[in-house]
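Okay, structure first, notes after.
The values are calculated or read from the model by the stated rules, or taken from the named source; none is laboratory data. Predicted model, so just to flag it, every value in this text is computed and none were measured. All Cβ positions, glycine included, derive from the backbone under ideal geometry; neighbour counts span all protein chains shown. Keep in mind that these areas ignore ligands, DNA and RNA; they rest on the heavy atoms of the full protein, side chains included. Shrake-Rupley method; radii C 1.70, N 1.55, O 1.52, S 1.80 Å.
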Amino acid sequence: MNTRIKQTDLELIQGDITKAEVDAIVNAANSELIGGGGVDGAIRRAGGAVIENVCAEIRKREGGCPTGKAVITPGGDLYAKYVIHTVGPVWEGGNSDEAELLASCYQESLRLAVENSIQSIAFPSISTGIYGYPTEKAAVVALTSVKDFVMQNNTAPAIIQFILFDAATNNCYVDALWSVF
Ligand code: AR6
């Protein structure tokens with residue numbers, strides 16, 4: 001399902017983000033930037049050792065990546081030239097700034113994309129797997145955050161995709177698209 005915000009095409013796709021033919025894909029990482037399961041494991045397997053090597057340098061230099069922030073590495077063997085690693089919040093019931101932190105993941109990832117002249121970017125559904133964020137709530141936060149960024153930035157990427165692994169997640173994002181737009 002597609003929609004347009006100013007100069008940006010926003011696309012919801014069901015599939016595997018490691019196959020995305022975009023300039024950058026976003027990883028749902030942890031603050032240690034140490035390889036995990038879920039989409040993180042899949043991206044690291046597909047991208048190869050360069051991702052861990054650059055994450056190790058960032059760990060050494062900056063101690064990792066705080067929740068709500070993002071860092072960038074090469075994409076290695078992926079089609080995508082870059083991987084932007086962002087750290088979503090762990091769901092703790094909704095009163096621990098989870099929505100603000102999740103919105104910040106999308107803002108910070110897009111900010112890094114603009115800084116690196118990235119024209120097309122694909123996001124997974126951050127925090128809604130191992131971190132337990134309810135998908136219907138996360139979808140509204142994600143799409144609202146992306147919409148806000150594009151409205152406020154004339155240099156936002158031309159293509160922003162959400163690549164959603166399963167039908168249930170995809171359905172939540174389709175419903176959220178109707179409510180946000
Ligand atoms: N393509 C697209 N989406 C995927 C893929 C894929 N190949 N594989 C899984 N997903 P999760 P989180 C979906 O758990 O909740 C890791 O261990 C998945 O179905 O990957 O932010 C990290 O190292 C779900 O909809 O991320 C962290 O420790 C979504 O991606 C922790 O998990 C996010 O699920 C982060 O947890």
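Side notes on the structure shown:
- Residue that is nearest to Tyr106 (Cα to Cα), among those in the range 76-94 that are assigned to a loop (DSSP other than H, G, I, E, B) and within 17 Å of the chain's Cα centre (by Cα): Gly88
- In the range 125-142, residue least open to solvent (accessible area, probe 1.4 Å) [restricted to those that are in contact (Cβ under 8 Å) with a residue 40 or more places away in the chain and part of a helix (DSSP H, G or I)]: Ala142
- Residue that is farthest from Glu11 (Cα to Cα), among those in the range 97-124 that are assigned to a loop (DSSP other than H, G, I, E, B) and free of Cβ contacts under 8 Å to residues at least 60 places away in the same chain: Asp97
- Ser120 vs. criteria at pLDDT 95 or above, buried (at least 17 other Cβ atoms within 10 Å of the Cβ) and within 14 Å of the ligand (Cβ to nearest atom): no
- Any hit, the range 165-179, residues being on the phi < 0 side of the Ramachandran plot, within 16 Å of the ligand (Cβ to nearest atom), assigned to a helix (DSSP H, G or I) and free of Cβ contacts under 8 Å to residues at least 24 places away in the same chain: yes
- Number of residues in the range 49-74 that are open to solvent by less than 10 Å² (accessible area, probe 1.4 Å) and either in contact with a Phe, Trp or Tyr (Cβ under 9 Å, 6 or more places away or on another chain) or polar (S, T, N, Q) (or both): the value is 1.
A quick yes/no check of all residues on (1) among the small types (Gly, Ala, Ser); (2) more than 26 Å from Thr144 (Cβ to Cβ); (3) within 14 Å of the ligand (Cβ to nearest atom); (4) modelled with pLDDT of 95 or more:
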residue	(1), (2), (3), (4)
Gln14	no, no, yes, yes
Ser31	yes, no, yes, yes
Ile43	no, no, yes, yes
Leu110	no, no, no, yes
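- Qualifying residue in the range 29-41 (condition: part of a strand (DSSP E or B) and touching a strand residue (DSSP E or B) at 6+ places or on another chain (Cβ under 6 Å)): yes
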